[in-house]
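Okay, so here's the structure we're looking at.
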Amino acid sequence: MIPAARKRLAAIANSQIFENALLSNYTRFAIGGPAAVFFDTDDEAAFVQALKTVAEVSVPYLVIGGGTNLVVSDEGFQGVVLHYTGSAIHQDRSLLRIGAGAVLQDVVDQSIALGLKGLETMTGIPGYLGGAVYGNAGAYGHSIQELVRAIRVYDGSKVVVMPNDECQFRYRTSILDYFIGRSRLFGAREQRTVCDRARHSHDPRREVSTVDEVRGQHLQEPARS
């Protein structure tokens, strides 16, 4: 199955494919053995084609983003790892259209540079925008759901746009939790308030430098009653 998947994935345009790629290079904790096949692209159409390919070949596969909450065995993964890195940020007045593969801190920095207020409370949260939306990330009493207007999602057969009220955002979760193995987030539209100048919130998470210091920050907080 893996050789067949590798051959078909290699034929997909606008993508790269690697054999025995160390997953330690793609996780925040820098641990993890090799993936039999590693597929990387920043192109939405190519990623959709890859998802369809692994489903048709019936090969074990895993979709990853920034690897922030990912711990991989030293034995690696005997299957296909799909990595989406589409990170374009497009502005339309106070609306930003952002690829799910954008680093969340880059999104925060860009929004501040554009004089848009709202995401500065996400300062210091690691990972990609896609993961932040998926898990409704937040800090300082705010969550990303407050800013999302709509998301683009592959639902297992096609790419659809879901408005905020259909995302079922809850504390550190969203409707995407219920579609694990089927849905894939490609991007988000975020509405912010235009202001004279937004500023970074001071966050000690930006000052840590070792894995030991940051490890505890990746544990999900208990749900609030």
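The values are calculated or read from the model by the stated rules, or taken from the named source; none is laboratory data. None of the values given here were measured: they were computed from a predicted structure. Reconstructed Cβ throughout: ideal geometry from the backbone, glycine too, with neighbour counts over all protein chains shown.
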Quick one: residue 90 ticks every box in (1) outside any loop (DSSP other than H, G, I, E, B); (2) within 20 Å of residue 23 (Cβ to Cβ); (3) out of contact with any helix residue (DSSP H, G or I) (no Cβ under 7 Å at 6 or more places or on another chain); (4) of a type outside the set (Asp, Glu) bar one, so which box is it?
-> (2)
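Listed here are the residues, each with its yes/no results for (1) in a loop (DSSP other than H, G, I, E, B); (2) not assigned by TED's automatic domain parsing to the domain that holds residue 178; (3) not hydrophobic (A, V, I, L, M, F, W, C).
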residue	(1), (2), (3)
96	no, no, no
105	no, no, yes
109	no, no, yes
125	yes, no, no
132	no, no, no
149	no, no, yes
Of the residues in the range 50-85, those that are assigned to a helix (DSSP H, G or I) and surrounded by fewer than 20 Cβ atoms within 10 Å (Cβ to Cβ) come to 51, 52, 55, 56, 57
Determine the pairs where a residue that is on the phi > 0 side of the Ramachandran plot, located within the range 98-127, has a partner that is part of a helix (DSSP H, G or I) with Cβ atoms under 6 Å apart, the partner being 6 or more residues away or on another chain.
-> 124/205; 124/206; 127/104
Only one of 11, 21, 30 is farther than 19 Å from residue 189 by Cα, without any contact (Cβ under 8 Å) to a residue 12 or more places away in the chain and outside the structural domain of residue 135 (by TED's automatic domain parsing), namely 11
Determine whether residue 119 is closer than 22 Å to residue 44 by Cβ and in contact with a helix residue (DSSP H, G or I) (Cβ under 6 Å, 6 or more places away or on another chain).
-> no
Subset of the range 17-48 (residues that are of a type in the set (S, T, N, Q) and on the phi < 0 side of the Ramachandran plot) | 24, 25, 27, 41
